[in-house]
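Below: the structure, in structure tokens.
Here, each number is a calculation from the coordinates, and none is a lab measurement. Please read these numbers as outputs of a predicted model, since none were measured by experiment. Here Cβ is always computed from backbone atoms with ideal geometry, including for glycine, and neighbour counts include all displayed protein chains.
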Amino acid sequence: MDMQTSLLDRLFSTGLLIDTGVEGLYGRSGAFEDVIARFERLIDAYGGADGAEAMRFPPGMNRAHFETSGYMKSFPQLAGTVHSFCGGELDHMSLLQCMEVGGDWMKDQKPTDIVLTPAACYPLYPTIAKRGRLPAKGGLYDLQSYCFRHEPSNDPARQQLFRMREYVCMGTQDHVTEFRQTWMDRGLEMMAKVGLDVTMDVANDPFFGRAGRMLANNQRDQNLKFELLIPVTSAAKPTACMSFNYHQDAFGAKWGLNLENGDVAHTACVGFGLERIALALFARHGLDIALWPAEVRKVLGYQD
Amino acid sequence: MKQKIRDILAKHGALPVPVDQLAEDSDLYAAGLSSFASVQVMLGIEEAFDVEFPDNLLNRKSFQSIAAITRAVEGLTGSAEAAE
């Protein structure tokens, strides 16, 4: 049995995660959710004074915005679309007959206007663009959403539906790269406080195909993405638990985000993989939260 | 070969300036070549010259200038002497 299966099995047997029969689609126990809530309060303690505007979107986004985002150019393999039955009564009868005999009933489902959110910040850009030019001090936003990525796996740190907390910064190049550096420093400090061993490394997104290899190489060459890696199922191959992304003016140009003086805005975001951070804590300190080191429990606000 | 490369750049590069105004060693990224457009150029060149870029050439440097693209294509087609 490999180490990934064994951590997943232990999470199931303690009830921290709940098996649904689909790889990467799990229920969470109250204790698991509580760890995430506490870690989010730690995030608030670091970022709260920055004055970000908080917004919460459901885990589905406007399909037209998804199409504009260009996600299908880069990650077609990860996207999830929402389809529904849109027929009449006769169609319903044939649907039921098809299901009865185990046929391909999904083939007549029609696309809806909703696509599953691939990253918490995706609904933000069109929302901000609609407001007009950014204020003089730029924009800072606080987001959290369940996100979907179609990548079934028995690695508990690679889930298909998971939560991402994000801060997104819009402004000049200097402004947003300073924001990114601030959060890289904060990320290292936060993880040290909760007793996690971390490394920071340059990274790339999982772009699709050979064209994607070139995009990935370009992204690395320009240091556009960094990841904070923490061991979860493997010390040799630690898991990305935070990412720090500088989009240059790509999103600004795509969405029409402009500074007060009319220049195209640069953007950057910092993302926390909340389930991954919780899993890193369980992997490091054990599955019984009562037995976690006193200083870690204190940082997370557990009463002793 | 260089004219063919210029034609591909004009078709796929989505550059804000006319390609024939660019010198051979002009920085294409400075001229406005985006990451996505450079991928389109790469695919266009593969098709036109019937070559496949290996992983070690799939990077920004290979598409930095018309001269750099020419060098890469010459390396892949083995036509360096023929081009002299």
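Is the C-alpha gyration tensor of the stretch A:15-162 telling us rounded, prolate or oblate? Criteria: a/c under 1.5 is rounded; beyond that, a/b larger than b/c is prolate, otherwise oblate. Spell out each step's value before the answer.
On the way: a/c = 2.64, a/b = 1.43, b/c = 1.84.
Judged from the Cα gyration tensor, the stretch A:15-162 comes out oblate (a/c at least 1.5, b/c at or above a/b).
Let's see if you can work this out: charge +1 on each Lys and Arg Cβ, -1 on each Asp and Glu Cβ, no other charges. What is the dipole magnitude of chain A about its Cα centre, in debye to the nearest 20? The partial results should precede the final answer.
Values: 30 positive and 37 negative charges, 90 e Å.
For chain A, the charge dipole is close to 440 debye.
If you average over every viewing direction, what projected area does the convex hull of the Cα atoms of chain B give, in nm²? Please report the intermediate quantities before stating the final value.
Working: hull surface 19.6 nm².
Answer in nm², one decimal: 4.9.
What do you get for chymotrypsin sites (Phe, Trp or Tyr not before Pro) in the stretch A:28-85 restricted to DSSP loop and a cutoff of at most 16 other Cβ within 10 Å of the site's Cβ?
A:85
Within the protein assembly as shown, what percent of beta bridges assigned by DSSP are antiparallel, to the nearest 5? Let's see the in-between values first.
Values: 44 of 47 bridges.
Restricted to the protein assembly as shown, the bridges split so that about 95 percent are antiparallel.
With springs connecting C-alpha atoms under 10 Å apart, model chain A as a Gaussian network and identify which of A:275, A:260, A:89 has the largest mean-square fluctuation.
It is A:89.
Take peptide A:214-225, look around each residue's Cβ out to 10 angstrom, count Cβ atoms belonging to other protein chains, and average those counts. Kindly include the intermediate steps, with their values, before the conclusion.
Working: counts 14, 5, 2, 9, 11, 2, 2, 3, 3, 0, 1, 0.
Mean shielding by partner chains, rounded to a whole number: 4.
Taking DSSP loops as anything outside H, G, I, E and B, show the longest stretch in chain A free of trypsin sites (Lys or Arg not before Pro) there with at most 12 other beta carbons within 10 Å.
Numbers: sites that count: A:56, A:131, A:137.
So the longest stretch without any such site is A:138-304.
Helix-only estimate, please: 222 nm mean residue ellipticity of the protein assembly as shown, summing -39500 (n - 2.57) across DSSP H runs of length 4 or more and dividing by its residues, to the nearest 500. Working shown, then result.
Working: 15 runs with 159 residues, N = 388.
Calculated at 222 nm, the ellipticity per residue is -12500 deg cm²/dmol.
Once you've got the GNM for chain A with C-alpha springs shorter than 10 Å, pick whichever of A:58, A:156, A:231 has the biggest mean-square fluctuation.
Result for chain A, Cα springs under 10 Å: A:58 fluctuates most.
Can you grab the distance from the C-alpha centre of the stretch A:41-97 to the C-alpha centre of the stretch A:133-198, Å, no decimals?
Computed from Cα coordinates, the inter-centre distance equals 19 Å.
Select from A:170, A:61, A:99 the residue whose mean-square fluctuation is largest in a Gaussian network model of chain A (Cα-Cα springs shorter than 10 Å).
Its mean-square fluctuation being the largest, the pick is A:99.
Taking residue A:110 as the anchor, which aspartates and glutamates have their alpha carbon closer than 13 Å to its alpha carbon, excluding any fewer than eight residues away along the same chain?
Answer for residue A:110, where 13 Å is the Cα cut-off: A:91, listed by chain and number.
Over the whole of B:27-39, what's the average partner chain Cβ count within 10 Å per residue? Rounded to a whole number, please.
Working: counts 0, 0, 2, 0, 0, 0, 0, 4, 10, 8, 0, 4, 10.
Rounded to a whole number, the mean comes out at 3.
Stokes-Einstein D for the protein assembly as shown at 10 °C, 1.306 mPa s, Kirkwood Rh over Cα pairs, in µm²/s? Please report the intermediate quantities before stating the final value.
Values: Rh = 23.6 Å.
Rounded, D is 67 µm²/s.
What ranking do A:86, A:98, A:147 get, fewest neighbouring Cβ atoms within 10 angstrom at the top?
Numbers: A:86 11, A:98 15, A:147 24.
Going from least to most buried by this count: A:86, A:98, A:147.
Excluding same-chain pairs closer than 8 in sequence, count the lysine pairs in the stretch A:182-304 whose Cα atoms lie under 30 Å apart. Spell out each step's value before the answer.
Working: A:193/A:225; A:193/A:237; A:193/A:298; A:225/A:237; A:225/A:254; A:237/A:298.
Final tally of qualifying lysine pairs is 6.
Taking the beta-carbon count within 10 Å as an exposure proxy, list B:22, A:8 from fewest neighbours to most. List each step's numbers first, then the result.
On the way: B:22 18, A:8 22.
If I rank by nearby Cβ atoms, fewest first, I get B:22, A:8.
For the stretch A:184-244, what is the convex hull volume of its Cα atoms per residue in Å³? Write out the running numbers ahead of the final one.
Working: hull volume 5.0 nm³, N = 61.
Convex hull volume per residue, Cα atoms: 82 Å³.
Counting only complete DSSP H runs, which helices of chain B cover 20 Å or more along their long axis at the Cα atoms and score a mean Kyte-Doolittle of -1.0 or above?
Working: long enough: B:35-49 (21 Å, 1.02).
Counting only whole DSSP H runs, the qualifying helices are B:35-49.
Which aspartates and glutamates, if any, have their Cα less than 13 Å from the Cα of residue B:2, not counting same-chain residues under 8 positions apart?
B:20, B:24, B:25, B:74, B:84
Compute, for the stretch B:2-79, the length of the dipole vector about the Cα centre, with Cβ point charges of +1 (Lys, Arg) and -1 (Asp, Glu) only. Units Debye, rounded to 20.
Details: 7 positive and 11 negative charges, 34 e Å.
Value, rounded to 20: 160 debye.
For A:247, A:175, which order do you get if you count the other beta carbons within 10 Å of each Cβ and list the fewest first?
Values: A:247 21, A:175 18.
So the residues, fewest neighbours to most, are A:175, A:247.
Residue farthest toward the positive end of the dipole of the protein assembly as shown, with Cβ of Lys/Arg at +1 and Asp/Glu at -1: which of A:195, A:132, A:231?
Checked the options; the winner is A:132.
Which value, in debye to the nearest 20, gives the size of the charge dipole of the stretch A:212-254 about its Cα centre, when Lys and Arg are +1 and Asp and Glu are -1 at the Cβ? Walk me through the numbers before you get to the answer.
Working: 5 positive and 3 negative charges, 28 e Å.
Its charge dipole is roughly 140 debye.
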